[in-house]
Amino acid sequence: MLAAWLVAAVAAFPPSGTYNYDAALNGSPVGRWSVAVKSGQNGSEVDETSTATLAGLALSAQAALVLDVNLAPASYAGHYRTPGQSPNVSVSLTPQSATVAGAFNAQPQQVALQNETRHFVVIEPGLLAGLFVLPAQLAAWKEQSVTWITPTTAQVHVLEVAVASPPPRPNAVPAGDNVLSIAQPIAVTIWYDPSTLVPDEIEVPSQAAVLTRVR
């Protein structure tokens, strides 16, 4: 009985393994993103690697997002490479506050939960790890708004789920996928497998950017 309760208490999360995504901008391929999911008794870790070529410039990133058993972020470490720059960023979190260091912040910045939200999410625009785990997080917490932390700038925003009708299903998205539409702070659409909570396609319309899972 106790074992069954412990299993039920652990939030559902994508299975351990590596998930690869092709990236396109304005319909043209620009690179590949991948995440490796590692699950354990104390939580999960998502390790991201991405490479891209934009306007002839080579970009790459590595990141590690650590979550507790309730899928709340505990830490984030990012190592990014652009022509002439190699910034590092880090975020350490408690349930009520977070400390963001590196990149555009000369000193560590303290940030707090926003507007009566109860959870943080850590999402670096242009990268995958934070968006990959978002369907599982919001399903576990049963919440429509959370505090979004951007590591490079230490900015916080209220992430709000869209309540309008979902967008048309892209041809490449499986018929059984669910959709998560984010309205604020930026429109994002995540199509994901409801049985595994693994995203199959992530769209950012304002940037004409699409990540499509490679099976």
Kirkwood Rh over alpha-carbon pairs of segment 73-113, then Stokes-Einstein at 25 °C and 0.890 mPa s: what D in µm² s⁻¹, rounded to an integer? 225
Solution diffusion estimate, µm²/s, Stokes-Einstein, the chain, Kirkwood Rh from C-alpha pairs, 4 °C, viscosity 1.567 mPa s: 73
Volume of the Cα convex hull of segment 161-204, divided per residue and given in Å³: 72
To the nearest µm²/s, what D does Stokes-Einstein give for segment 70-154 at 37 °C and 0.692 mPa s, using the Kirkwood radius over alpha carbon pairs as Rh? 246
Let me know the Rg and Dmax you get for segment 1-103 when you use only its Cα atoms, in Å. 16.9, 59
What's the ranking of 56-63, 161-168, 76-83 by average number of surrounding C-beta atoms within 10 Å, highest first? 76-83, 56-63, 161-168
What does the helix-only formula give at 222 nm for the chain: each DSSP H stretch with n ≥ 4 adding -39500 (n - 2.57), the total divided by the residues, and the result rounded to the nearest 500 deg cm²/dmol? -3000 deg cm²/dmol
Based on alpha-carbon centroids, what's the gap between segment 135-171 and segment 17-46 in Å, whole number please? 18
Can you tell me how much longer the chain between V30 and Q62 gets when fully stretched, taken as 0.36 nm per residue apart minus their C-alpha distance, in nm with one decimal? 9.8 nm
Of F132, T99, T117, which is farthest along the charge dipole of segment 76-215 in the positive direction, counting Lys and Arg as +1 and Asp and Glu as -1 at C-beta? T99
What figure, in Å² to the nearest 10, do you get for the accessible area of R32 with a 1.4 Å probe and non-protein molecules left out? 100
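The values are calculated or read from the model by the stated rules, or taken from the named source; none is laboratory data. Computed from a predicted model, the values in this text were never measured in an experiment. Glycine also receives a Cβ, built like all others from the backbone with ideal geometry; neighbour counts cover every protein chain displayed. We work out accessible area using only protein heavy atoms, side chains counted, and drop any ligands, DNA or RNA first. Shrake-Rupley method; radii C 1.70, N 1.55, O 1.52, S 1.80 Å.
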